[in-house]
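Engineer: After the structure tokens below, expect a handful of questions from me.
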Amino acid sequence: MVQDVTDKLQTFRRVLVTGGAGFIGSHFVRLLLAAGISEIRVLDKLTYAGNLANLADVLSAPAVTFIQGDIADPEAVAAAMAECDAVVHFAAETHVDRAILEPAPFIQTNVLGTQVLLNAALAYHVRRFVHVSTDEVYGEVLVGAVNEAAPLRPRNPYAASKAAADLLALSYYASYGLPVVVTRGANTYGPYQHPEKLIPLAITNVLEGKPVPIYGDGLQERDWLFVTDHCRAIAFALADGQPGQIYNIGAGNHRPNREVVRAILRLLHCSDEWITYVTDRPGHDRRYAVDPQALMALGWRPTVSFEEGLRQTVAWYQQRRDWWEPMKQGEFAAYAARNYGSRQRMG
């Protein structure tokens with residue numbers, strides 16, 4: 001039986017969600033709203049990946065307050081966090097390709113921004129600080145799956161910045177007693193994901209009549225976690241996680257990138273001829289795999305199969321061209337041309 005954590009969240013009266021206008025953060029805001037949280041504050045800088053359209057259906061709810069601000073700005077953070085009893089920290093620069101091209105914003109937001117939040121959380125005596133991280137901090141896991149005690153071996157600037165933020169957050173528990181919990185989630189997908197990521201890029205490219213780029217041979221393997229399952233896992237960590245602990249979040253849906261794209265093409269009634277193989281990015285990790293047993297001991301289980309999650313995701317992007325088409329214009333179009341359009345076709 002899948003355990004529900006909704007009732008336990010009601011012990012928190014006022015929750016700050018950083019990066020709540022982003023992909024996973026916006027879904028988490030909906031979860032908190034459904035759980036009956038009295039006040040949900042969303043702090044988001046609204047960079048290219050933060051989008052108020054992600055929250056359009058909930059912004060008018062009396063419990064939701066949106067605050068535009070940078071987590072690296074101490075004044076903005078202090079104003080947003082005042083009187084909050086919990087913080088769930090999603091805000092981050094997350095795209096590996098962008099990190100390779102320009103690492104500095106990743107250090108500024110992911111490391112320095114996290115430190116500003118931690119300082120404010122100490123000042124306001126928050127009862128729980130959940131730092132949302134990634135399985136990429138472990139680096140390549142070529143065989144089996146790693147637990148939370150595995151060494152950190154990040155291999156790109158994004159993963160390194162998240163590993164640094166993880167350690168910083170955990171140090172605030174050890175040094176100051178701040179009730180920090182760290183979650184490390186697998187590759188997450190679902191509605192509202194920015195079209196720079198593999199699954200929405202593949203779906204939207206086909207809907208636009210464009211080929212789907214895949215790095216290298218396409219055999220890089222990931223564990224695919226549906227966004228609502230990821231948010232439920234974070235809710236378990238918020239409600240029942242032990243301060244100072246790390247919780248891996250994995251669904252056991254291991255698929256190579258190439259097979260993921262082929263599954264999308266089948267759902268869209270297209271052949272593999274839509275795939276174009278492009279030069280691999282530097283330091284591209286071959287495989288990630290985490291063991292989620294610690295989190296499962298709290299009662300969490302994934303509930304959405306990969307096949308069902310992918311069907312829901314494809315259907316959503318088919319229906320919501322109004323949401324993603326503007327994102328694929330302008331800045332993103334130039335970015336995609338730099339990173340995909342000029343690559344050599346390999347097959």
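The values are calculated or read from the model by the stated rules, or taken from the named source; none is laboratory data. Computed from a prediction, not measured in an experiment: that's the story for all the values here. Backbone-built Cβ (ideal geometry, glycine too); neighbour counts: all protein chains shown. For the accessible areas, the whole protein counts, side chains as well, though only heavy atoms, and no ligand, DNA or RNA atoms are used. Shrake-Rupley method; radii C 1.70, N 1.55, O 1.52, S 1.80 Å.
Engineer: Of the accessible area of region 1-121, with the probe set at 1.4 angstrom, what percent is carbon plus sulfur?
Structural biologist: Reported share for carbon and sulfur atoms: 55 percent.
Engineer: Whenever you get a sec, compute what percent of the accessible area on region 193-273 sits on carbon and sulfur atoms (1.4 Å probe). Show your work: numbers first, answer last.
Structural biologist: Values: 1160 of 2460 Å².
Result for region 193-273: 47 percent of the exposed heavy-atom area is carbon or sulfur.
Engineer: Most fluctuating residue of 41, 281, 232 in a GNM of the chain with Cα springs under 10 Å: which is it?
Structural biologist: Ranking 41, 281, 232 by mean-square fluctuation puts 281 first.
Engineer: Taking K and R as +1 and D and E as -1, what net charge do the other residues with C-beta under 9 Å from the C-beta of residue 179 add up to?
Structural biologist: Numbers: positive: 127, 128; negative: none.
Its environment carries a net charge of +2.
Engineer: Which option, [x] 2.09; [y] 0.94; [z] 1.03, is the value of Cα Rg over 2.2 N^0.38 Å that was calculated from these coordinates?
Structural biologist: Computed from the coordinates, Cα Rg over 2.2 N^0.38 Å corresponds to [y].
Engineer: Separate question: Once you have a ≥ b ≥ c as the square roots of the Cα gyration tensor eigenvalues for region 42-168, tell me rounded if a/c is under 1.5, and otherwise prolate or oblate according to whether a/b is larger than b/c.
Structural biologist: Because a/c hits 1.5 or more and a/b exceeds b/c, region 42-168 counts as prolate.
Engineer: Right, something else. Work out, step by step, the length gained on full extension between residue 152 and residue 47: first 0.36 nm times the residue separation, then minus their alpha carbon distance; give nm to one decimal. Before the final figure, lay out the partial values.
Structural biologist: Working: separation 105, 0.36 × 105 = 37.80 nm, distance 2.82 nm.
Going from the current span to full extension adds 35.0 nm.
Engineer: Just give me a number: lysine pairs in the chain, eight or more positions apart or cross-chain, with C-alpha atoms less than 22 Å apart.
Structural biologist: Pairs that pass both the separation and distance tests number 7.
Engineer: Taking 0.36 nm per intervening residue step and subtracting the Cα-Cα distance, what contour gain separates residue 284 from residue 56 on full extension?
Structural biologist: 78.6 nm
Engineer: Under 1.5 on a/c is rounded, so check that first for region 49-103, then, if it is not, pick prolate when a/b is larger than b/c and oblate when it is not; a ≥ b ≥ c are the square roots of the alpha carbon gyration tensor eigenvalues.
Structural biologist: oblate
Engineer: So which GluC sites (Glu not before Pro) in region 104-153 end up in coil per DSSP with only 10 or fewer other C-beta atoms within 10 Å?
Structural biologist: none
Engineer: With the Cα gyration tensor of region 169-229 giving a ≥ b ≥ c as the square roots of its eigenvalues, does the rule (a/c under 1.5 for rounded; else a/b larger than b/c for prolate; else oblate) give rounded, prolate or oblate?
Structural biologist: prolate
Engineer: I've got another one for you. Compute a Gaussian network model of the chain, connecting alpha carbons closer than 10 Å, and tell me which residue from 130, 182, 278 fluctuates the most.
Structural biologist: Sorting by GNM fluctuation, first place goes to 278.
Engineer: Which distance in nm do the two modelled labels at residue 270 and residue 293 give, with both placed 7 Å along the Cα-to-Cβ direction?
Structural biologist: Taking the two extended label points, one gets 4.1 nm.
Engineer: Which FRET efficiency, nearest 0.05, do residue 123 and residue 167 yield, Cβ-Cβ r, R0 25 Å?
Structural biologist: Calculated transfer efficiency: 0.75.
Engineer: Please build a GNM for the chain, connecting alpha carbons under 10 Å apart, and tell me which residue among 27, 284, 89 fluctuates the most.
Structural biologist: Most flexible of the set in this elastic network: 284.
Engineer: Right, something else. For a quick check of understanding: with a 1.4 angstrom probe and all protein chains in place, what accessible area in square angstrom does residue 60 have, to the nearest ten?
Structural biologist: 110
Engineer: If each of residue 319 and residue 175 carries a label point 7 Å out from its Cα toward its Cβ, how far apart are those two points in nm?
Structural biologist: Going by the 7 Å Cα→Cβ label model, 4.8 nm.
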